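A short worksheet on the structure shown next.
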Amino acid sequence: VYTYIFLHCYSDIMPASRKRVAVIGAGASGLVAIKCCLDEDLHPVCFERSNDIGGLWNYKEEVTDGQGCVAKTTVINTSKEMMCYSDYPAPKEYPNYMHNTKLMQYFREYADNFKLIPHIQFDVQVVKVTKAADYDDTGKWEIEFEKNGETKTEVFDGVLVCTGHLADKNMPTFPGEEDFEGQRIHSHDYRNHKGFEDKRVVVIGIGNSSGDLAVDL
C-alpha cells in the first residue's frame with residue numbers, strides 16, 4: 001500500500017503548538033500514519049470515506065466502485081512476522097498467513113491499543129487537496145471534503161495520503177468480446193464462488209488476485 005506524504009516543517013516560522021495533519025484513509029497505512037503522528041506530538045485528523053477501518057482488507061458483500069475489497073477467502077501472502085507493525089507484533093497464536101478476517105481483528109486490536117479511533121472521521125469523502133494561499137510562507141494545505149451532505153474546507157499543516165492503489169478497475173478489451181454471451185467481471189467485483197457452480201471459467205492474468213480466484217473457483 002502506497003502512502004504519499006505532503007508534510008513540510010517550517011520550524012523557524014511555525015508556532016510551537018501541535019500541528020494538524022490530515023490523514024486520508026483508515027486502512028493499513030492510515031492507521032499507522034495516525035499512530036506515527038501521535039508519536040511525534042502532532043494532531044492527526046483522519047478522513048475515511050467508508051464507515052469502518054481496514055481499507056481493502058475489510059471484506060464487504062456489496063461491491064463499491066472506486067473502493068478496493070478482498071474476496072471472501074483471501075489470505076494475506078506475507079507472513080505475520082514480516083507484515084505486522086513493528087511496534088505491535090501479531091499475537092503468537094495467530095496463523096503465519098492470516099485470513100482477511102484475522103487481519104481485520106489485528107487492525108482493530110492495533111487501533112484500540114493505541115486509541116486511534118477517536119482521531120478518525122468516518123463517512124467523509126475527501127474531494128480536493130490544494131496548497132493554501134499562504135503555502136510559500138506556512139506550508140499549509142487546504143482539504144475540501146463532504147460530510148453529512150455538506151462540503152467543507154479545513155486547513156492543515158500537513159497531509160498524509162493513505163488511499164492505496166487498488167481501488168479502480170483496469171478492465172481490458174479484446175476483439176470479438178461483444179459476441180461472448182457469458183458473464184464478464186473484473187476481480188475487483190469478485191466476492192465468492194457463488195453463481196459459478198458447474199461453469200467453465202477462464203481467468204485472465206497471473207497476479208495475486210487471479211491466483212486467489214483460480215484456487216477459490
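For segment 140-217, the strands (runs of 3 or more DSSP E) that sit wholly inside it and include 3 or more residues that are of a type in the set (Asp, Glu) are 141-147. Considering only residues in segment 73-84 that are among the aliphatic types (A, V, I, L, M) and closer than 15 Å to ASP212 by Cβ, the one that is surrounded by the most Cβ atoms within 10 Å (Cβ to Cβ) turns out to be ILE76.
Would you mind stating whether ILE206 is of a type in the set (Val, Ile, Thr), closer than 25 Å to ALA28 by Cα and in contact (Cβ under 8 Å) with a residue 24 or more places away in the chain?
Numbers: of a type in the set (Val, Ile, Thr): yes; closer than 25 Å to ALA28 by Cα: yes; in contact (Cβ under 8 Å) with a residue 24 or more places away in the chain: no.
Answer is no for this residue.
Pairs under 8 Å by beta carbon, first residue free of Cβ contacts under 8 Å to residues at least 40 places away in the same chain and under 21 Å from TRP141 (Cβ atoms) in segment 27-51, partner open to solvent by less than 30 Å² (accessible area, probe 1.4 Å) and in a strand (DSSP E or B), six or more apart or different chains? From segment 27-51, the pairs are HIS43/VAL21.
Considered as a group, the residues in segment 85-105 that are touching a residue at least 24 places away in the same chain (Cβ under 8 Å) and open to solvent by less than 80 Å² (accessible area, probe 1.4 Å) include one that is farthest from LEU38 (Cα to Cα), and that residue is HIS99. Give me the residue from segment 138-195 that is open to solvent by less than 60 Å² (accessible area, probe 1.4 Å), out of contact with any Gly (no Cβ under 9 Å at 6 or more places or on another chain) and aliphatic (A, V, I, L, M) and, out of that set, farthest from ALA22 (Cα to Cα). Once the filter is applied, the top-ranked residue is ILE143.
The values are calculated or read from the model by the stated rules, or taken from the named source; none is laboratory data. Predicted model only: the values in this text are computed from it and were never measured. Note: ideal-geometry Cβ built from the backbone for every residue, glycine included; neighbour counts use all protein chains shown. When the accessible area is computed, the model is the full protein with side chains, heavy atoms only, and any ligands, DNA or RNA have been set aside. Shrake-Rupley method; radii C 1.70, N 1.55, O 1.52, S 1.80 Å.
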